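Structure record follows, encoded as structure tokens.
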Amino acid sequence: MVVDMVARKDEPMKIKIRRISQSLCIALLLLTCGTLPAQSEKGRVRNIVLVHGAWADGSGWKGVYDILAKDGYKVSIVQEPETSFKEDVAATKRILALQDGPCILVAHSYGGAVITEAGTDRSVCRIGLRCGPHARCGRE
């Protein structure tokens with residue numbers, strides 16, 4: 001699946017790196033959830049809600065959506081209006097209300113602030129934040 005994303009010759013390298021980075025982040029988050037001893041296959045979380053960052057839209061999650069949906073997850077992408085923080089949180093909560101069970105809430109960039117607020121919803125069992133591929137934590 002990663003090979004397909006890298007093989008797209010019409011995309012700039014920056015987009016390829018972003019797609020791979022998003023996929024790896026989601027895969028690691030899901031692997032963590034799958035290895036919890038208290039979770040049985042029946043109780044496994046199958047709903048994932050993705051929230052984009054600022055100055056973007058939900059289409060940035062398409063590659064991740066395709067991979068997760070292919071693996072049997074129910075994936076929802078929040079399309080934030082970006083008119084105000086309050087409205088972005090409300091849009092995320094509307095999508096959370098549509099989930100049919102517990103969910104993992106994942107965001108990129110500004111979406112991290114949104115999911116911090118919306119993540120108090122009872123359906124959210126995990127929150128994940130995807131940083132950029134060149135994040136330099138702890139460095140100037």
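The values are calculated or read from the model by the stated rules, or taken from the named source; none is laboratory data. Small disclaimer: the values here were computed from a predicted structure and weren't measured. Positions of Cβ are generated from backbone atoms using ideal geometry, with glycine treated the same way; all protein chains shown enter the neighbour counts.
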Q.
What pairs come out if I take residues in segment 58-69 that are touching a residue at least 60 places away in the same chain (Cβ under 8 Å) and more than 15 Å from residue 107 (Cα to Cα) and pair them with residues that are not aromatic (Phe, Trp, Tyr) and not in a helix (DSSP H, G or I) whose C-beta lies under 9 Å away, six or more apart or interchain?
A. 67/1
Q: State the number of residues belonging to segment 112-123 that are under 15 Å from the mean Cα position of the chain (by Cα), assigned to a loop (DSSP other than H, G, I, E, B) and touching a residue at least 60 places away in the same chain (Cβ under 8 Å).
A: 0
Q: Could you tell me which numbered condition residue 110 fails, if it satisfies all but one of (1) at pLDDT 95 or above; (2) surrounded by 13 or more Cβ atoms within 10 Å (Cβ to Cβ)?
A: (1)
Q. Looking at segment 89-111, which of its residues are at negative phi and touching a Gly at 6+ places or on another chain (Cβ under 8 Å)?
A. 104, 105, 106, 107, 108, 110, 111
**Q.** Residue list for segment 87-111, filter: touching a residue at least 60 places away in the same chain (Cβ under 8 Å) and farther than 15 Å from residue 73 by Cα
**A.** 108, 111
(Q) Could you check segment 89-111 and list, in sequence order, the residues that are touching a helix residue (DSSP H, G or I) at 6+ places or on another chain (Cβ under 7 Å) and part of a helix (DSSP H, G or I)? (A) 89, 92, 93, 96
**Q.** Count of segment 43-57 residues which are touching a strand residue (DSSP E or B) at 6+ places or on another chain (Cβ under 8 Å) and part of a loop (DSSP other than H, G, I, E, B)
**A.** 5
Q) In segment 70-90, which residue that is of a type in the set (Asp, Glu) and surrounded by fewer than 19 Cβ atoms within 10 Å (Cβ to Cβ) is nearest to residue 108 (Cα to Cα)? A) 82
